[in-house]
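Engineer: Starting off with a structure, shown below.
Nothing in this text is a laboratory measurement; each read-out follows from the coordinates by a stated rule. Quick caveat: nothing in here was measured; it's all calculated off a predicted structure. Note that each Cβ is placed from the backbone with ideal geometry, even for glycine, and that neighbours are counted across all protein chains shown.
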Amino acid sequence: MIVDTTFLIDLMKKDPPAVRRLKEIERDGIKQNIASPTLYELYVGITLSTKPEEEKRKVLDTLTAMNILDLTAESAAKAGKVQGKLIKEGKMIDPEDAMIAGTALHNSEIVLTKNAKHFSRIRDMKIETY
């Protein structure tokens, strides 16, 4: 399972549905992954924060149990196809979300997100919300 940026932010805020879902994931022994574009998004947030060191500590603490899936050539190609297809259909998606989707599709992973609206437009995309 790839956990999306929205899920990680909610975990850092101690959002009850996100915390509950994390406990279920851990109980069920589901491997927690993040796509490397999520790391990019989190570091943008750290840099923009008024307390960057505190924010960085929260991010790193949250990521300790998670495996990072790199944006490989194959997943980048899938991301480009996803974004291009959606643009042709007149539907916008953030490049970071397209890259997360490409990583998920390449690795046959489900994406856990609160941002189901964007990801649900992607064919063959498996998403889960909380």
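Engineer: Excluding same-chain residues fewer than 8 positions from Lys88, which aspartates and glutamates have a Cα within less than 20 Å of its Cα?
Structural biologist: Glu96, Asp97, Asp124
Engineer: Determine the alpha carbon to alpha carbon distance for each of Lys31/Lys81; Lys81/Lys126; Lys14/Lys117 and list only those over 19 Å.
Structural biologist: Lys31/Lys81; Lys14/Lys117
Engineer: Tell me, Ile110, Ile34 in order of fewest to most beta-carbon neighbours within 10 Å?
Structural biologist: Ascending number of Cβ neighbours within 10 Å: Ile110, Ile34.
Engineer: State, to one decimal in nm, how far the label point of Glu128 lies from the label point of Met12, with both points 7 Å from Cα in the Cβ direction.
Structural biologist: 2.3
Engineer: Roughly how big is the chain's charge dipole about its Cα centre, with Cβ charges of +1 (Lys, Arg) and -1 (Asp, Glu), in debye to the nearest 20?
Structural biologist: So the magnitude is around 340 debye.
Engineer: Could you list Leu48, Leu8, Leu63, Leu42 so that the one with the fewest beta carbons within 10 Å of its beta carbon is first and the one with the most is last?
Structural biologist: Leu48, Leu63, Leu42, Leu8
Engineer: When the Debye formula is applied to the Cα atoms of the chain, each taken as the same point scatterer, what base-10 log of I(q)/I(0) results at q = 0.13, 0.15 Å⁻¹?
Structural biologist: Each listed q corresponds, in turn, to -0.52, -0.69.
Engineer: Let me ask something else. Just need the relative contact order of the chain here, percent rounded to a whole number, with Cα pairs under 8 Å and 6+ apart.
Structural biologist: 30
Engineer: Tell me the label-point distance for the pair Glu53, Lys23, using the 7 Å Cα-to-Cβ offset, in nm and rounded to one decimal.
Structural biologist: In this crude spin-label approximation the distance works out to 3.4 nm.
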